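Structure first, then comments.
The values are calculated or read from the model by the stated rules, or taken from the named source; none is laboratory data. Everything numeric here is computed off the predicted structure, so don't read it as measured data. Glycine also receives a Cβ, built like all others from the backbone with ideal geometry; neighbour counts cover every protein chain displayed.
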Amino acid sequence: MKTDLVIDYLVRWLHDYCDSAGMNGFVVGISGGIDSAVTSTLCAKTGKQTILLNMPIYQATDQLDRAGQHISWLEQNYCTVRDVTLDLTPVFQSIERTFSKDIQDGLTMANTRARLRMLTLYAYASHDRLLVAGTGNKVEDFGIGFFTKYGDGGVDISPIADLMKTEVYEIGRILGISQAILTCPSTDGLWQDNRTDESQIGATYPELERAMLFDAAPQDETLLSAREKEVLAIYRKLNCANRHKIVPIACAKIPADLR
């Protein structure tokens with residue numbers, strides 16, 4: 001990948017899309033991870049207003065530290081960025097008190113966290129006429145659907161959605177993203193036990209990328225190692241289960257003879 005040229009292309013794409021939409025800039029949720037760090041830096045490089053929205057909910061200290069350090073770095077280097085930190089924990093606790101206990105399983109409440117953050121992003125976006133910039137990469141968004149529908153999947157634009165996770169890291173290194181972010185395990189930050197993406201999925205991102213590429217141009221599966229076959233099965237299972245997130249919303253088409 002011609003990393004410098006890709007960075008220039010994405011910055012121009014963001015700038016031009018914002019202009020054509022008649023908007024003032026971007027709002028990005030900052031998690032302390034590589035995807036939000038790269039996305040927010042690309043948005044800042046456009047020179048347009050960029051709100052960095054930090055929205056902790058029972059957040060682990062290391063995630064908060066990385067998010068804060070990245071925000072400070074961007075503020076020092078780009079005059080058009082602005083930090084907004086909102087502790088959403090009390091709001092989430094109100095939801096916990098309101099929802100009946102029998103529906104508060106781990107996944108439901110993890111997704112509720114993501115949807116609460118989406119609501120907050122759009123509140124700031126609508127007030128300042130900003131675009132919500134998504135932070136999903138290609139293998140997450142279009143491979144295994146590893147995001148919350150109407151949570152972190154609820155965005156206006158997806159600048160890094162055609163980049164594999166390994167490519168996001170490559171761009172992050174060129175952009176000067178901190179070593180703390182470049183080397184920390186990937187996590188969605190939605191679970192109180194701070195579980196990693198790998199522990200949830202059962203495979204690393206490089207393994208999933210190879211499976212995604214294999215599935216796009218199938219070859220002889222007998223040539224795969226036992227681990228590669230295992231990861232391919234994980235990839236195909238998640239891709240199938242999450243098709244409802246990956247493809248456009250299904251719409252019922254009324255037959256002409258029923259009109």
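List of remarks:
- Applying the criterion of at least 1 residues that are farther than 21 Å from ILE157 by Cβ, among the β-branched types (Val, Ile, Thr) and modelled with pLDDT of 95 or more to the helices (runs of 4 or more DSSP H) found wholly in region 42-130 leaves 89-98, 106-128.
- Taking the conditions (1) under 17 Å from SER158 (Cα atoms); (2) assigned to a helix (DSSP H, G or I) in turn, GLY136 satisfies each one other than (2).
- Residues in region 189-208 that are within 30 Å of LEU116 (Cβ to Cβ) and either acidic (Asp, Glu) or assigned to a helix (DSSP H, G or I) (or both): ASP193, ASP197, GLU198, SER199, GLN200, ILE201, TYR205, LEU208.
- The set of residues from region 23-41 being in a loop (DSSP other than H, G, I, E, B) and either within 24 Å of VAL91 (Cβ to Cβ) or free of Cβ contacts under 8 Å to residues at least 24 places away in the same chain (or both) comprises ILE30, SER31, GLY32, GLY33.
- Restricting region 173-189 to residues that are over 12 Å from the mean Cα position of the chain (by Cα) and surrounded by 20 or more Cβ atoms within 10 Å (Cβ to Cβ), the residue that is nearest to ASN77 (Cα to Cα) is ILE177.
- Hits in region 203-235 - residues which are under 17 Å from SER186 (Cβ atoms), surrounded by 15 or more Cβ atoms within 10 Å (Cβ to Cβ) and of a type outside the set (Ser, Thr, Tyr): ALA203, GLU207, LEU208, GLU209, ARG210, ALA211, MET212, VAL231, ILE234
- Count of residues meeting criterion [within 16 Å of THR41 (Cα to Cα) and in contact with a Phe, Trp or Tyr (Cβ under 7 Å, 6 or more places away or on another chain)] in region 131-158: 5
- Selection of region 241-259 for residues being surrounded by 10 or more Cβ atoms within 10 Å (Cβ to Cβ), assigned to a helix (DSSP H, G or I) and either hydrophobic (A, V, I, L, M, F, W, C) or touching a strand residue (DSSP E or B) at 6+ places or on another chain (Cβ under 6 Å) (or both) yields ALA241, ILE246.
- A residue that is under 23 Å from LYS2 (Cβ atoms) and modelled with pLDDT of 95 or more occurs somewhere in region 192-207.
- Hits in region 68-124 (condition: loosely packed, with under 12 Cβ neighbours inside 10 Å and of a type in the set (Val, Ile, Thr)): THR98, ILE103, THR108
- Scanning region 126-138 for residues that are surrounded by fewer than 24 Cβ atoms within 10 Å (Cβ to Cβ) and closer than 20 Å to ALA203 by Cβ yields GLY136, LYS138.
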